[in-house]
1. Can you list residues whose amide H is under 5 Å from His299's amide H, if they're 5+ apart or on another chain and H is modeled 1.01 Å from N?
2. Averaged over every viewing direction, what's the projected area of the C-alpha convex hull for region 150-267? Give it in nm², one decimal, please.
3. What are the ³J(HN,Hα) couplings of region 251-259, residue after residue, when phi is run through the Karplus curve with 6.51, -1.76, 1.60 and θ = phi - 60°? Round to Hz, x for glycine and proline.
4. Just to check I understand the Karplus step: with θ = phi - 60° and J = 6.51 cos²θ - 1.76 cosθ + 1.60, what whole-Hz values come out for region 302-313, glycine and proline as x?
5. Once phi is turned into ³J(HN,Hα) by the Karplus curve 6.51 cos²θ - 1.76 cosθ + 1.60 with θ = phi - 60°, what whole-Hz value does each residue of region 262-275 show in order, with x for glycine and proline?
6. Only bridges with both residues in region 179-335 count here: give the DSSP antiparallel percent, nearest 5.
7. Amide H to amide H, which residues 5 or more places from Asn225 or on other chains are under 5 Å from it, using H placed in the peptide plane?
8. For a quick check: with amide H placed at 1.01 Å from N, whose amide H comes under 5 Å from Glu288's, ignoring anything fewer than 5 positions away on the same chain?
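Read-outs throughout are calculated quantities, based only on the coordinates presented, and are distinct from any laboratory measurement. Since the model is a prediction, treat every value here as computed from it, not as a measurement. Counting neighbours? That spans all protein chains shown, and the Cβs are built from the backbone with ideal geometry, glycine included.
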Amino acid sequence: MADGDRDELAALIRGWTVHFDWARESGATSLRRRGAPSLPPIGQSANASTVSVAAVRDETAPLQRAASPATPPTAPVSAPAPSAPKSVAAQAAPVAATVGAPEVDRVRATPSPPTAAPPSSSDATALFSDPKPIWGPVTTSEERKKSLALIEDEARACRRCRLCDGRTQSVFARGNHDAELFFVGEAPGADEDRIGKPFVGAAGKLLDRILAAMRMTEDDVYIANVAKCRPPNNRPPEPDESMACGPFLERQIELVRPRVIVSWGRTPTSFLLKKSESMSRLRGRWHEYMGVPVLVTWHPAYLLRNPDAKRDTWADMKLVLEKLGRPVPAGRSDG
Ligand code: URA
Ligand code: URA
């Protein structure tokens, strides 16, 4: 094996180790197998052919428990799991309480008969060997907002990878947690690190111009990065850094429940899609992350260096508008 391959493999293994340790500390009792059919949450139809974000609860889900009525919201997000972890049924109890809540989330807009509770995971020692998912409660907009604030606090204090050493502050998100559109970038740069919001530097200015050309504002989108802390010299996050930080993004996507995700550039595309094809092959096409359509396009920083590629990205944004059922402006963006 070449040295580079060995280093990459070692970095991947380190990343998984960090992720599994974190998941275990957070009370996870099983691993979800990618592509495996998952059980829908209580109150949702059992016959969905794709596994949607709404139907999948991350087993690292400390937040949903923290934000559920059963646990005070002040509970530390990373608190170690209690020695006798709650059964799935016990965790499912708050779900039932929220089913009749006045807000109907868009992904649950189609009423469906209640389904049986998922099988209970009685063997808490079967860590990571059992693909049965653990469901957290299906939450209202307010609860999802509260959960996002809790993970943001956790990211602020996070020391799961070396990037924490160089940060001024972590950079979590900007935009609207109820947005139908989710933009995923790579990592904060110098401006983002200083200001504490994603995409506020030169690339962010271009992103805002693209949004304006789409006749949208910050209120129509939720914006976050794979890595929450600035990598040194603006390098992309290393694979183990993306692995360590990625669960924050996964939880953000689960809680925002977008209808469409735009993946800006190579880093979020590798993280979300786990595909090794080149950007030029992947961009301009629909992919899927947990049942949510993902459009891959050039990173705004790449567009600043290669203005001719803006034409591609504008074509991509038109696909996004079409998918969202929004008006598609005629002609080219002048951004
Ligand atoms: N580039 C990114 O990918 N994200 C930011 O937040 C800023 C620049
Ligand atoms: N490399 C990236 O990381 N992003 C792009 O958009 C193009 C090349």
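1. For His299, the qualifying residues are Gly265, Arg266.
2. Details: hull surface 26.4 nm².
The number I arrive at for region 150-267 is 6.6 nm².
3. Result, ordered by residue: 5, 4, 5, 4, 7, 7, 6, x, 8 Hz.
4. Going residue by residue, I get 5, 5, 5, 7, 10, x, 4, 6, 4, 4, 4, 5 Hz, with x marking Gly and Pro.
5. Karplus values, whole Hz, x for Gly and Pro: 10, 9, 8, x, 5, 4, x, 5, 4, 5, 7, 9, 6, 10.
6. Percent antiparallel among DSSP bridges in region 179-335 is about 25.
7. Under 5 Å from the amide H of Asn225: Gly185.
8. Close amide H contacts, sequence-distant or interchain: Val294.
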